[in-house]
Amino acid sequence: MLLSEVTQNIEGTLVKDGEFQTLEYCTGKLEIPFLTFMGNAKFIEQISPYASCVLCSEKLVEKLPESVTGIFLSSSPKEAFQQIHNALSKNDAYRLPVRESKMGADCQISERATLSPIGVEIGDRVVIEDNVTIYDHVKIGNDCIIRSGAVIGGKAFTFARTEGQGILGMEDLGQVVIGDRVEVFSLTHIAKGILPTDVTYIGEDTKIDALVQIGHGSKIGGRTLIAEGAIIAGNVSIGADCWVGINATISNRITVGDRARVSLGSVVTKDVMEGQTVTGNFAIEHGNFIENLKKLVKKPPCH
């Protein structure tokens, strides 16, 4: 695709034309040429070498790397990115291929469950209970259990305010992939990815309790346990063998390393290292949290 073609109806100025194959966020891991947006200079050093075309403001143009061949100036780069994505969502070459849903052997699927006829792949010996909803482009591995009322592949929360004081959302074109032997408890929601290359991923043997929210594009490693009421925002990366406690919240684009523990009620706003335990709101290393708590307890009362 050419940058000049997709920006014809977008407010802004084409500085130089370039080619791309799909859309991606600027720090994405794709290894094909993609179109992205740049709204903040702090991401300049992290931009992927495969970002061939960029939507940005005039003040950032001179800071872009030489690998960027196409530049389009916009006073609202993120809004322009959303508009292009939504326009391309009608293009079969941009969307995921439409495939008929298929079911594995020896599955137990409730008659009261709702499964999309498009792009759903169910492995062998899967149990799907009453009132489960599975949307299109969801893959579930072998020996999984999806309990009553869970929603897999539902709408992602991707709304943003526009310059015209409106609210603009994005079409969900990604997918959900669930590994073998995963169990998802009642009323949990696992959101679909947004871009066609986005995958919300749940690793093998992971267990997810009731009333958990897992945002679009997040990736959960194998054998991780996520307790009731946890909220995991979009594009979060959680490693293997982790623990996420009751009502914990993990903010957007946070990385949690392997074997890490997030204590109950914690609000995580910074990356968590491998094997680390964090506690509190905002969450800090557990030992530091306990020491700070002891100091508060020992502090004499004010008169």
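The values are calculated or read from the model by the stated rules, or taken from the named source; none is laboratory data. Bear in mind the structure is a predicted one, so any value in this text is a computation, not a measurement. Every residue, glycine among them, receives a Cβ derived from its backbone with ideal geometry; neighbour counts consider all protein chains shown. Surface areas here come from the heavy atoms of the whole protein model, side chains and all, with no ligands, DNA or RNA. Shrake-Rupley method; radii C 1.70, N 1.55, O 1.52, S 1.80 Å.
Keeping to the range 142-158, report how many residues are in a loop (DSSP other than H, G, I, E, B) and either open to solvent by 10 Å² or more (accessible area, probe 1.4 Å) or aromatic (Phe, Trp, Tyr) (or both).
8
Evaluate the range 159-167: report whether one residue or more is open to solvent by less than 20 Å² (accessible area, probe 1.4 Å), in contact (Cβ under 8 Å) with a residue 12 or more places away in the chain and not hydrophobic (A, V, I, L, M, F, W, C).
No; the residues of the range 159-167 include none that is open to solvent by less than 20 Å² (accessible area, probe 1.4 Å), in contact (Cβ under 8 Å) with a residue 12 or more places away in the chain and not hydrophobic (A, V, I, L, M, F, W, C).
So in the range 253-303, with the set limited to residues that are modelled with pLDDT under 80, under 28 Å from Thr27 (Cβ atoms) and assigned to a loop (DSSP other than H, G, I, E, B), which one is least open to solvent (accessible area, probe 1.4 Å)?
Only one residue tops the list, namely Ala283.
Report yes if Ile246 is at pLDDT 95 or above, open to solvent by less than 10 Å² (accessible area, probe 1.4 Å) and not polar (S, T, N, Q), otherwise no. If you could, list the steps in order and put the result at the bottom.
On the way: at pLDDT 95 or above: yes; open to solvent by less than 10 Å² (accessible area, probe 1.4 Å): no; not polar (S, T, N, Q): yes.
The answer is no for Ile246.
When you scan the range 183-212, how many residues do you find that are more than 17 Å from Gly149 (Cα to Cα), open to solvent by less than 10 Å² (accessible area, probe 1.4 Å) and not in a loop (DSSP other than H, G, I, E, B)? So that I can check it myself, show each step before the final result.
Taking the range 183-212 first, the residues more than 17 Å from Gly149 (Cα to Cα) are 193-206.
Checking which are open to solvent by less than 10 Å² (accessible area, probe 1.4 Å) leaves us with 193-195, 200, 202-203, 206.
Within this subset, residues satisfying the condition of being not in a loop (DSSP other than H, G, I, E, B) are 200, 202.
Summing the residues that are more than 17 Å from Gly149 (Cα to Cα), open to solvent by less than 10 Å² (accessible area, probe 1.4 Å) and not in a loop (DSSP other than H, G, I, E, B) in the range 183-212 gives 2.
Going through Gly215, Gly179, Gly229 one at a time, which residue ends up being under 16 Å from the mean Cα position of the chain (by Cα) and open to solvent by less than 20 Å² (accessible area, probe 1.4 Å)?
Gly215
Counting just the residues of the range 50-64 that are buried (at least 16 other Cβ atoms within 10 Å of the Cβ) and touching a residue at least 40 places away in the same chain (Cβ under 8 Å), which one comes out farthest from Gln82 (Cα to Cα)?
The selected residue is Cys53.
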